[in-house]
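Encoded as structure tokens, the structure appears first; notes follow it.
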Amino acid sequence: MQDKRYNVCRVIAAALMLLCTTAVTAQEDANFKMSKSLEIFNSIYRGLDMMYVDTLDAEKTVGTGISAMLRSLDPYTVYYPEDKTKELRTMITGKYAGIGALIRYNLKDKRVVIDEPYEGTPAQEAGLKKGDEILSIDDSVMTDKDVAYVSNHLRGDAGTTFLLKVRRPETGKTIEKKITRRPIQLPAMPYYGVENDSVGYINLNSFTEDCAKEFRYALIDLKKQGIKNLVLDLRGNGGGSLSEAVKIVNMFVPKGKTVVTTKGKIARAKSEYKTTVEPIDTITPMVVLVNGETASASEITSGALQDYKRATILGTKTFGKGLVQVPIDLPYNGQLKLTTSKYYLPSGRCVQGTGVVPDLEVKADSLPNIVFYLSASGVDSTEVMFEYVKDYLQKHPTIVPAKDFDLTDEEYDEFKQRVLTSGFTYDPQSAKVMKELKKIMEFEGYYDDAKTEFEQLEKKLQHNLARDLDRHKKIIKQAIVADIVAAYYYQKGIVQVALRNDRQYEEALKFFNNKK
């Protein structure tokens with residue numbers, strides 16, 4: 001009996017020794033491959049530096065190599081040299097120092113102009129308006145520069161002051177404003193309120209620092225107003241702080257529940273995040289709206305609420321980002337945003353590459369092609385919608401509340417006539433597809449046999465601008481209204497206008513009304 005035990009022990013010991021030897025060999029092999037690859041890389045660069053026909057820019061050449069190496073891993077592991085670290089800080093904190101305004105390039109006037117000042121920012125306080133042409137920043141002329149160049153000069157260190165010179169087109173006057181840059185953080189929660197009598201609605205567009213405090217205040221306020229149902233809108237929310245997401249889930253889920261677990265190669269990359277306090281509301285019927293741009297911390301929030309059956313998820317499948325990044329300091333003041341772990345929801349699933357699948361799949365209405373061309377910056381040389389909105393703002397110092405504001409049929413007809421006489425054109429997608437199809441049919445030899453039918457179909461798809469303006473009147477009006485409302489009521493006004501014709505939101509209301 002003792003001999004058998006002895007033999008078993010010998011077998012186990014031998015197996016352990018074999019495993020250890022294999023592990024050591026594998027590690028030694030990995031170390032050799034790493035040393036070999038680095039030596040080859042160094043030799044290649046030295047050869048290039050010595051013999052390549054042109055002089056090498058070391059930072060550019062090696063930087064390109066670093067970027068290519070990181071791209072082979074995942075889209076989120078990124079190297080930031082010293083001159084780009086501000087971008088990383090802005091991404092992590094959601095803050096930047098500047099004036100707080102959207103700018104755009106006006107093709108008609110060939111100038112960068114103010115598009116939308118944000119509420120409570122230096123841009124708003126300085127009285128900047130939509131359409132103001134940016135002439136200069138301090139001594140630097142901006143009239144021949146692009147958006148990226150102007151934006152870079154508007155931003156700077158908080159507390160620094162500069163002289164901004166703009167031209168107001170409707171008056172032709174040049175205005176000079178001394179503006180002090182401040183930290184700008186776009187509102188994580190542009191709007192919350194009671195809609196449709198008893199439905200609480202919260203729009204959360206990012207998980208930035210302290211957004212859970214704002215969310216808590218909004219939720220308590222809505223409950224005081226007597227809401228019977230709640231819609232949390234996470235569409236377009238690309239994520240942010242993991243801890244803020246956990247705090248928000250905790251408002252609906254009991255204390256001590258696991259919200260998310262992270263798992264990585266090293267010990268400090270492995271964590272479990274649990275709810276730590278008693279929730280605010282565990283009973284109000286709740287729908288979370290999601291789409292393909294709902295990512296990261298948004299997926300943790302929606303996925304955890306789904307796993308605990310605390311909310312119904314409605315919309316389309318989320319983005320599928322289940323990777324966690326941390327910033328790592330590098331020599332010479334560079335930084336590396338490094339993927340260190342994956343996160344797992346309470347059910348054990350990881351959404352990386354798969355996303356959160358909604359309980360109720362509801363696709364959003366697609367945007368007609370003509371609306372994109374009418375409203376997009378730098379697409380149409382007439383800038384017809386932009387010019388119409390500028391004129392409307394000049395004629396109307398105030399408007400009714402965002403919820404009640406709309407264009408009259410007469411005002412839309414005026415806009416329609418402007419479009420028809422402006423020279424506005426756009427490319428219908430059907431015409432592009434038909435053109436490509438014709439090429440393929442000719443190449444494959446089918447066109448001659450189908451020529452008659454093809455030409456008949458082409459006639460039916462002829463560009464008819466007046467018809468398209470009538471056919472898509474409802475959604476074009478909504479785009480104009482949102483642009484106008486933004487000038488008076490900022491981001492919260494845009495959200496309120498969007499809810500009027502929001503198919504996914506309407507389905508959420510139907511869900512609440514369905515007693516089953």
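Among the residues making up region 98-127, a single one is part of a strand (DSSP E or B) and at pLDDT below 90: N106.
Of K321, K317, which residue is part of a loop (DSSP other than H, G, I, E, B) and over 12 Å from Y76 (Cβ atoms)?
Numbers: K321 fails: over 12 Å from Y76 (Cβ atoms).
The unique qualifying residue is K317.
The set of residues from region 339-379 being in contact with a Phe, Trp or Tyr (Cβ under 9 Å, 6 or more places away or on another chain), assigned to a strand (DSSP E or B) and open to solvent by 50 Å² or more (accessible area, probe 1.4 Å) comprises just one member, L360. For region 219-234, the candidate set comprises residues that are open to solvent by 50 Å² or more (accessible area, probe 1.4 Å) and touching a residue at least 12 places away in the same chain (Cβ under 8 Å); within that set, the residue that is farthest from R89 (Cα to Cα) is K228.
Checking S151, S140 one by one, the residue that is touching a His at 6+ places or on another chain (Cβ under 7 Å) and among the small types (G, A, S) is S140 and no other. In this structure, V419 qualifies as open to solvent by less than 20 Å² (accessible area, probe 1.4 Å) and farther than 20 Å from D502 by Cα. Annotation: R268 fulfils all but one of (1) assigned to a loop (DSSP other than H, G, I, E, B); (2) closer than 30 Å to A68 by Cα; (3) open to solvent by 30 Å² or more (accessible area, probe 1.4 Å); the unmet one is (1). Restricting attention to region 382-405, the residues that are modelled with pLDDT of 90 or more, open to solvent by less than 80 Å² (accessible area, probe 1.4 Å) and in a loop (DSSP other than H, G, I, E, B) add up to 6.
Just checking, does region 175-187 include any residue being of a type in the set (S, T, N, Q), surrounded by 15 or more Cβ atoms within 10 Å (Cβ to Cβ), under 30 Å from V495 (Cα atoms) and under 23 Å from the mean Cα position of the chain (by Cα)? There is at least one residue in region 175-187 that is of a type in the set (S, T, N, Q), surrounded by 15 or more Cβ atoms within 10 Å (Cβ to Cβ), under 30 Å from V495 (Cα atoms) and under 23 Å from the mean Cα position of the chain (by Cα).
Within region 407-430, can one find any residue that is without any contact (Cβ under 8 Å) to a residue 40 or more places away in the chain, assigned to a helix (DSSP H, G or I) and under 30 Å from G292 (Cα atoms)?
Here is the first cut: in region 407-430, the residues without any contact (Cβ under 8 Å) to a residue 40 or more places away in the chain are 408-411, 413-414, 417-418, 421, 430.
Retained after the next criterion (residues that are assigned to a helix (DSSP H, G or I)): 409-411, 413-414, 417-418, 421, 430.
Okay, now just the ones that are also under 30 Å from G292 (Cα atoms), so 430.
Yes, that holds for at least one residue.
Pairing each residue of region 468-491 that is more than 19 Å from D502 (Cα to Cα) with any residue that is among the charged types (D, E, K, R) and open to solvent by less than 50 Å² (accessible area, probe 1.4 Å), provided the two are 6+ apart or on different chains, yields C-beta distances under 6 Å for L469/K416; A487/K130. Name the residue, out of V288, V259, that is open to solvent by less than 40 Å² (accessible area, probe 1.4 Å), under 23 Å from the mean Cα position of the chain (by Cα) and at negative phi. Just one listed residue meets the conditions, V288.
The values are calculated or read from the model by the stated rules, or taken from the named source; none is laboratory data. All values derive from a computational prediction rather than experimental measurement. For neighbour counting, all protein chains shown are included, and Cβ atoms are generated from backbone atoms with ideal geometry for every residue, glycine included. Note: areas computed on protein heavy atoms with side chains; ligands, DNA, RNA excluded. Shrake-Rupley method; radii C 1.70, N 1.55, O 1.52, S 1.80 Å.
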